[in-house]
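Input: a single structure, listed below in structure tokens.
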Amino acid sequence: GENVEQHPSTLSVQEGDSAVIKCTYSDSASNYFPWYKQELGKGPQLIIDIRSNVGEKKDQRIAVTLNKTAKHFSLHITETQPEDSAVYFCAATPQNAGNMLTFGGGTRLMVKP
Amino acid sequence: NAGVTQTPKFQVLKTGQSMTLQCAQDMNHNSMYWYRQDPGMGLRLIYYSASEGTTDKGEVPNGYNVSRLNKREFSLRLESAAPSQTSVYFCASSEVHWRQLMNTEAFFGQGTRLTVV
């Protein structure tokens, strides 16, 4: 089955700096890669996703890149703000797996004002 | 606009007790899921239901049973709780386009924090 590894497990940045979270996956059949943000006491919420037919996707301060050859994908947050502080999860799934997600272990991002 | 609703939010059980976690979604999604979240391990799939009337095991199904009661509701049952089942449980739903083979956003509930002593 799929195995997703995520690094780092914790990340502390100064407000205004950029943050990068990296994930690797093992199953070459995976082709959908969502990123979820989880705030304290809440369920995960989708912030951006990317499919295997593109290498990069951007939504305002958030971008995701995908390298299918290396089986890497990364989340980039620019101009970080205190409200970006949360736990972020990457995930992967093949197209025909009914959206059953395999998650990475999570990254706790702390943005210091 | 409720989305995915889970009950209860918190629960403490003694070893050997049973309980059912309830989940309901109001988005008319065909697929529903139960995950557990443990520190450093992300979320792991326990069971899923591709459509009303069907259920299948995920990565960590041992010690659990599920029921897809109707299109809206998907419950998770612990028949004899063990301390290893102490975790935060999340229900999720999504609309899976099986014919188009397209994945879409999964919506999660607020979670149930379960402690087994």
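The table for this structure:
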read-out: Within the protein assembly as shown, percent of DSSP bridges classed antiparallel, to nearest 5; value: 90
read-out: Charge dipole of chain B about the Cα centre (unit charges at C-beta), most positive-ward option of B:54, B:43, B:65; value: B:65
read-out: Cβ-placed point charges (K, R +1; D, E -1), dipole of chain B about Cα centre in debye, nearest 20; value: 220
read-out: Paramagnetic reach from residue B:54 in the stretch B:9-37 [backbone N under 12 Å; point 7 Å along Cα→Cβ]; value: B:30-32
read-out: Signed unit charges on C-beta, dipole axis of chain B, positive-most listed residue B:29, B:81, B:112; value: B:81
read-out: Mean-position separation - Cα centroids, the stretch B:1-63 and the stretch A:88-112, in angstrom; value: 17
read-out: Rough spin-label spacing in nm, given labels placed 7 Å along Cα→Cβ, for residue B:2 and residue B:67; value: 1.8
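Where a number appears in this text, it was derived from the coordinates with a stated rule and is not lab data. What you see is a predicted model; the values in this text were computed from it and never measured. Using ideal geometry, Cβ is built from the backbone for each residue, glycine included, and neighbour counts are taken over all protein chains shown.
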